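Q: Shown below is the structure under consideration.
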Amino acid sequence: MILNASGCLDALTAPEVAHTLDVFVTKTVTPLPREGNQPVRIAETDFGMLNSIGLANPGIDRFVADTLPRLLDLGVSVWVSVGGFAAHEYAEICARLDHEPIAAIELNVSCPNVSSPEEEVEQIVAAARAATTKTLYAKLSPSVPDVGAAAVAAARAGADGLTLVNTIRGLALDELTLEPKLGPGVGGLSGPALRPIALAAVFAAYRATGLPIVGVGGVETGAHGLELIAAGASAFALGTVLFADPEAPVRVREELEREASARGFATPLAAYAAAHGGPPPTPLRRVA
Amino acid sequence: MRRELLDVVRVDEVGPYRLLRLKRGRLESGAPGQFFMLSPPGRLLPRPMSLSLATRTELGFLIDPVGPGTKALTTLVRGERLHVLGPLGNGFRLDVARPLLVGGGIGLAPFPYLSERLGRPPAVLGFRSQEHAEAAALVPNAEVVVEPRLVTEALRPGHDVLACGPEPMLRAVAELDPGAQLAWEAPMACGYGACYGCAVEIGGELKRLCVEGPVLERAA
């Protein structure tokens, strides 16, 4: 299953690209409309790109009234990425989406409180879980001391799956002025630089939880996707590569089949967790 | 929106700028002011470039080699290939009675193609040096203005202005002629509405320049 990473595709302006994916994941929706950050919002780095878009979105009211119906009209399977600044904000949006015909909700858990990321994750996921019966994926940051522990916290709070990883903080300076290239200064690093970080996070979260995982981070080819599957992902998403190549989903899917077959796997998913060897972990379930 | 691997024909020197000439393949040339995303070899992201020249067999892009991406594009040689996506965005409206092209620096990039489509109308082109002003040879009927003189000092009333250049120039032009069509520029990663990197403030709202522009009828 190939998805887009949240914020890396607008299905309404490029429906032909969305139709080449198995699932379209929306930009993160927050309770209130957000204009996003002042320009400059993107910069290329040596091994990736930085963005500081600032969660620009129309807010949940306009999203449900205007954006979502048009997305559903496209006939694609929709996951809605949900964000907020407190657990109750996530819950509020999940409750609003509970009766909409969407396939899943992805919680954009950013963990601003890095001193106790597990607690933060648990509170947000538990609040969302209480507000909806939809399939819930928790998208976690790799910038925590123990991704496995954050994954366990999400699983115990009722997440059905995990999305790994979000971007990591980076800074790029103008070569001449030595001032930050991005308007807000720092931004989120994505692209090839994120690939080994995503692999390590998927590997750790699979081992710790056994939950379904969407691997995200620097996938540019089918071989990269197969590696994420081997590390424990049951699906993967394309992010930065979509900016350079809107035809990437079709190409990556073909490469994935070829790469799996060349290694003796009947299907790409036959390589699931191949990097771990031995029997799979017992999936964690919510503590009642 | 179409993406193709195009062959490099050659790169011409135009003062400090470079004209990258590519075999056209099956790409449409689009409306003047529309742009293409050119993928420089060895770089992660493509670069937005407006089309300068379109012939039956070639597409030409005038590029200022200022960063790693534009330098990689302008050091390509015959036989090399690169991915090109386009045409993208909204170009200039061509139903104008008395067109006047107003450009600043590399902002003249879309004008050779625009001038041809409009029947070689008059143009006013501003440059920071005589060397940069060599590029004016690409635009017919152009009056050249070199700093410290500014293009706004050479504007004549009674024309339909189509402008492209640095932001301060566009704002000054819009002040003198609120009806001018202005082609804006912003860093963008994708060119087709996916990245939200090229947001500019238009009428109090942030909008994506690649989708709403790059040519706008009102000051951004």
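The values are calculated or read from the model by the stated rules, or taken from the named source; none is laboratory data. The model shown is predicted, which means the values in this text are computed figures rather than measured ones. Please note: Cβ atoms are built from the backbone with ideal geometry, for glycine as well, and neighbour counts cover all protein chains shown.
Q: With the condition kept exactly as written, say whether any residue in region A:237-251 is surrounded by fewer than 23 Cβ atoms within 10 Å (Cβ to Cβ), away from every other protein chain (no Cβ under 14 Å) and touching a helix residue (DSSP H, G or I) at 6+ places or on another chain (Cβ under 9 Å).
A: no
Q: Here's a follow-up. Output yes when any residue across region B:168-179 is within 14 Å of chain A (Cβ to nearest Cβ) and either over 27 Å from A:G36 (Cβ atoms) or of a type in the set (V, I, T) (or both), and no when none is. Step through it out loud before you land on a result.
A: Step one: of region B:168-179, the residues within 14 Å of chain A (Cβ to nearest Cβ) are none.
No, every residue in region B:168-179 fails to be within 14 Å of chain A (Cβ to nearest Cβ) and either over 27 Å from A:G36 (Cβ atoms) or of a type in the set (V, I, T) (or both).
Q: Here's a follow-up. Does A:E220 satisfy being modelled with pLDDT under 95 and either in a helix (DSSP H, G or I) or of a type in the set (D, E) (or both)? Break it down stepwise before answering.
A: Details: modelled with pLDDT under 95: no; either in a helix (DSSP H, G or I) or of a type in the set (D, E) (or both): yes.
Criteria not met by A:E220.
Q: Right, something else. Among the listed residues B:A135, B:A142, B:A123, B:A189, identify the single one that is more than 14 Å from chain A (Cβ to nearest Cβ) and under 26 Å from B:P40 (Cβ atoms). Before the answer, list the steps.
A: Details: B:A142 fails: under 26 Å from B:P40 (Cβ atoms); B:A123 fails: under 26 Å from B:P40 (Cβ atoms); B:A189 fails: more than 14 Å from chain A (Cβ to nearest Cβ).
Matching residue, one of B:A135, B:A142, B:A123, B:A189: B:A135.
Q: Would you check which residues across region A:47-74 are in a loop (DSSP other than H, G, I, E, B) and either within 21 Å of the chain's Cα centre (by Cα) or free of Cβ contacts under 8 Å to residues at least 24 places away in the same chain (or both) and list them?
A: Going through region A:47-74, the residues in a loop (DSSP other than H, G, I, E, B) turn out to be A:47, A:52-56, A:58, A:74.
Hits for region A:47-74 are A:F47, A:S52, A:I53, A:G54, A:L55, A:A56, A:P58.
Q: Going by the structure shown, is B:A174 part of a loop (DSSP other than H, G, I, E, B), buried (at least 17 other Cβ atoms within 10 Å of the Cβ) and in contact with a Leu (Cβ under 9 Å, 6 or more places away or on another chain)? Give the steps one after another, and end with the answer.
A: On the way: part of a loop (DSSP other than H, G, I, E, B): no; buried (at least 17 other Cβ atoms within 10 Å of the Cβ): yes; in contact with a Leu (Cβ under 9 Å, 6 or more places away or on another chain): yes.
The answer is no for B:A174.
Q: Can you name the residue in region A:49-69 that is of a type outside the set (A, V, I, L, M) and more than 14 Å from chain B (Cβ to nearest Cβ) and, of all such residues, is farthest from A:P15 (Cα to Cα)? It would help to see each step written out before you state the result.
A: Of the residues in region A:49-69, the ones of a type outside the set (A, V, I, L, M) are A:51-52, A:54, A:57-59, A:61-63, A:66-67, A:69.
Those left that are additionally more than 14 Å from chain B (Cβ to nearest Cβ): A:61, A:63, A:66, A:69.
Numbers: A:D61: 23, A:F63: 17, A:D66: 16, A:P69: 14 Å.
Residue satisfying both the conditions and the ranking: A:D61.
Q: Looking only at residues that are touching a Phe, Trp or Tyr at 6+ places or on another chain (Cβ under 7 Å) and either in a strand (DSSP E or B) or crowded, with 22+ Cβ neighbours inside 10 Å (or both) in region B:62-92, which one is farthest from the other protein chains (Cβ to nearest Cβ)?
A: Step by step, filter region B:62-92, then rank; the result is B:L62.
Q: Which condition number in (1) farther than 23 Å from B:N90 by Cα; (2) away from chain A (no Cβ under 14 Å) is the one that B:L44 fails?
A: (2)
Q: Same structure, new question: Hey, could you check region B:199-218 for residues that are out of contact with any Ser or Thr (no Cβ under 9 Å at 6 or more places or on another chain) and at the interface with chain A (Cβ under 8 Å from one of its Cβ atoms) and say which is farthest from B:G30 (Cα to Cα)?
A: Filtering region B:199-218 for residues that are out of contact with any Ser or Thr (no Cβ under 9 Å at 6 or more places or on another chain) and at the interface with chain A (Cβ under 8 Å from one of its Cβ atoms), the one farthest from B:G30 (Cα to Cα) comes out as B:E205.
Q: Looking at A:V40, A:V17 in this structure, which one is of a type in the set (A, V, I, L, M, F, W, C) and modelled with pLDDT of 95 or more? Steps first, please.
A: Working: A:V40 fails: modelled with pLDDT of 95 or more.
Criteria check complete, one pass: A:V17.
Q: Only one of these is surrounded by 20 or more Cβ atoms within 10 Å (Cβ to Cβ), assigned to a helix (DSSP H, G or I) and within 14 Å of another protein chain (Cβ to nearest Cβ): A:L226, A:L194. Name it. Walk me through it before giving the result.
A: On the way: A:L226 fails: within 14 Å of another protein chain (Cβ to nearest Cβ).
One residue alone meets the criteria, A:L194.
Q: Restricting to region B:26-52, and then to whatever is surrounded by fewer than 18 Cβ atoms within 10 Å (Cβ to Cβ) and either part of a strand (DSSP E or B) or touching a residue at least 40 places away in the same chain (Cβ under 8 Å) (or both), can you tell me which residue is nearest to the chain's Cα centre (by Cα)?
A: B:E28
Q: Which one is farthest from the other protein chains (Cβ to nearest Cβ) among residues in region A:15-48 that are buried (at least 19 other Cβ atoms within 10 Å of the Cβ) and among the small types (G, A, S)?
A: Filtering region A:15-48 for residues that are buried (at least 19 other Cβ atoms within 10 Å of the Cβ) and among the small types (G, A, S), the one farthest from the other protein chains (Cβ to nearest Cβ) comes out as A:A18.
Q: Please name all residue pairs, on different chains or six or more residues apart, with Cβ atoms under 8 Å, provided the first residue is in region B:177-195 and is hydroxyl-bearing (S, T, Y) and the second residue is surrounded by fewer than 21 Cβ atoms within 10 Å (Cβ to Cβ) and assigned to a loop (DSSP other than H, G, I, E, B).
A: B:Y192/A:T13; B:Y192/A:A14; B:Y192/B:M1
Q: Looking at B:Y113, B:Y17, which one is under 26 Å from B:E167 (Cα atoms), among the hydroxyl-bearing types (S, T, Y), outside the structural domain of B:V139 (by TED's automatic domain parsing) and at pLDDT 95 or above? Quick ask: steps written out before the conclusion?
A: On the way: B:Y113 fails: outside the structural domain of B:V139 (by TED's automatic domain parsing).
Only one candidate passes the filter, namely B:Y17.
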